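Take a look at the structure set out below.
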Amino acid sequence: MFVTGASGSIGSVVVPELIAAGHEVLGLVRSDAAATAVATAGGTPLRGDLTDLDSLRAGAAQADGVINLAFSNDWSNLEQGIDEEARAVQTLAAALAGSGKPFVHAGLTPMMPGHASTEEDPNTTDGPVGGRGRTSDVVLALAAQGVRSSVVRLPRSVHQRGSQYGFCSVLIAAAQKTGVSAYVGDGTQRWPAVNRLDAAALFRIA
């Protein structure tokens, strides 16, 4: 299995989850430290990143499937990160077309005013992160091109004991800095969350 973002917050638990289930993992890495982490987990590192389209093609060609977890996470330049993700998905899609291989992509839980979102709700395709929703739609559409495609919609808070709690870490830090834990309106919003280990199991099953 070819895994992008193999040493990241989610990838670092997905890789050992796959290996424990008997899969061989080829992990895309950007640094020596990341390569060491993937190798220590039992995977094989492949140097490159989302902007290195040749490395994406090479990884997809060597594997029986792809799990795309990488994202720039440079929130000061979100638009560029979304564009990079879209180009990477297009490259992987072209490499997998007609292969019958699985392609699992990390998407986002859509925001649904008035009710808790479900699998029946469409991806969010407008607003600051709308591009990520459109990319998820591209992945799902690959089912018509001979790719076993799926999207795991991760919530904004992906947590594990002893590590940072996703977007909640941002809210906690703001409360610690200001002394105020703020909320919008009457505070009845419902925020989804998932443990990293549960998310890893879901990626493996997909």
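What follows is calculated from the coordinates using simple rules that are stated; it is not laboratory data. Given the structure is predicted, the values throughout are model-derived calculations rather than measurements. Cβ atoms come from the backbone with ideal geometry, glycine included; neighbour counts cover every protein chain shown.
Numerical summary
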| quantity | calculated |
| --- | --- |
| Mean projection area, nm², convex hull over Cα of segment 115-192 | 7.5 nm² |
| Which of ALA97, PHE71, LEU53, positive extreme of dipole for segment 21-108 (C-beta unit charges) | ALA97 |
| Amide hydrogen neighbours beyond the local backbone of HIS159, cut-off 5 Å, H modeled | VAL194, ASN195, ARG196 |
| Net charge of Cβ neighbours under 14 Å - reference ASN123; Lys, Arg +1; Asp, Glu -1 | -3 |
| Relative contact order, percent, segment 83-206 [alpha-carbon distance under 8 Å, six or more residues apart] | 26 percent |
| Cα point-scatterer Debye curve for the chain, base-10 log of I(q)/I(0) at q = 0.08, 0.10, 0.12, 0.17 Å⁻¹ | -0.28, -0.43, -0.63, -1.23 |
